[in-house]
Amino acid sequence: QVQLVESGGGLVQPGGSLKLSCAASRTRIAPYTMGWDREAPGKQRELVAVITDGGRTNYADSVKGRFTISRDNAKNTVDLQMNSLKPEDTAVYYCRCVELGYWGLGTQVTVSS
């Protein structure tokens with residue numbers, strides 16, 4: 001079992017940046033692929049980014065070149081740096097441990113002027 005707690009969400013203007021962080025506890029995440037999903041109002045939850053145990057990354061087409069996922073296994077954390085934010089990035093963002101099938105409770109990101 002792993003507990004995931006997200007932080008760093010908030011309100012930001014279009015073109016701005018936010019950094020989300022995910023702190024894991026109860027289990028070391030080093031052996032696992034970790035990711036970030038998001039769910040916008042009225043839409044299905046979608047995968048935003050993943051990072052493997054070896055550090056390989058993959059991104060949804062909609063965020064490529066703007067978002068960067070990273071991990072710090074020593075700190076047991078996973079981050080998502082989001083730049084050039086757009087109103088369509090507005091969603092609740094969830095940290096995910098892919099192999100174990102756990103998600104955090106999410107953090108709200110709102111992009112609006």
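The values are calculated or read from the model by the stated rules, or taken from the named source; none is laboratory data. Since this is a predicted model, take the numbers as computed values, not measurements. Every residue, glycine as well, gets a Cβ built from its backbone with ideal geometry; the counts of neighbours run over all protein chains shown. Areas reflect the complete protein model, heavy atoms only, side chains present, ligands, DNA and RNA absent. Shrake-Rupley method; radii C 1.70, N 1.55, O 1.52, S 1.80 Å.
Using a Gaussian network model of the chain in which every pair of alpha carbons under 10 angstrom is joined by a spring, one finds that among SER21, SER62, SER70 the greatest mean-square fluctuation is at SER62. Calculated accessible area for the chain comes out at 52 Å² per residue, all protein chains present (probe 1.4 Å; ligands, DNA, RNA ignored).
Counting only protein heavy atoms, what percent of the accessible surface of region 1-63 is carbon or sulfur at a 1.4 Å probe? Accessible surface attributable to carbon and sulfur in region 1-63 totals 46 percent. Using a probe of 1.4 Å, the accessible surface attributed to TYR32 totals some 60 Å² when neighbouring protein chains are kept in position. Quotient of the Cα radius of gyration of the chain and 2.2 N^0.38 Å, N being its number of residues: 0.99.
Summing charges over all other residues whose Cβ lies under 14 Å from the Cβ of SER17, with Lys and Arg as +1 and Asp and Glu as -1, gives +1.
No disulfide-compatible partner, judged by a Cβ distance under 4.7 Å, exists for the following cysteines of the chain: CYS97. Cα to Cα, under 20 Å, and not fewer than 8 places away if on the same chain: which aspartates and glutamates meet these conditions relative to LYS43? Output for LYS43: ASP61, GLU88, ASP89.
Between GLY35, GLY101, GLY16, the Gaussian network model of the chain with springs among Cα atoms under 10 angstrom shows the greatest mean-square fluctuation at GLY101. Each Lys or Arg adds one and each Asp or Glu subtracts one; over the other residues with Cβ under 12 Å from the Cβ of CYS95, this totals 0. With every protein chain in place and a 1.4 angstrom probe, the accessible-area ranking of ASP37, ASP79, largest first, reads ASP79, ASP37.
When the residues GLU46, GLU88, GLU6 are ordered by accessible surface, computed with a 1.4 Å probe over the protein chains alone, the sequence from largest down reads GLU88, GLU46, GLU6. Taking 0.36 nm per residue of separation and subtracting the current Cα-Cα distance, fully stretching the chain between LEU11 and ARG66 would add 18.1 nm.
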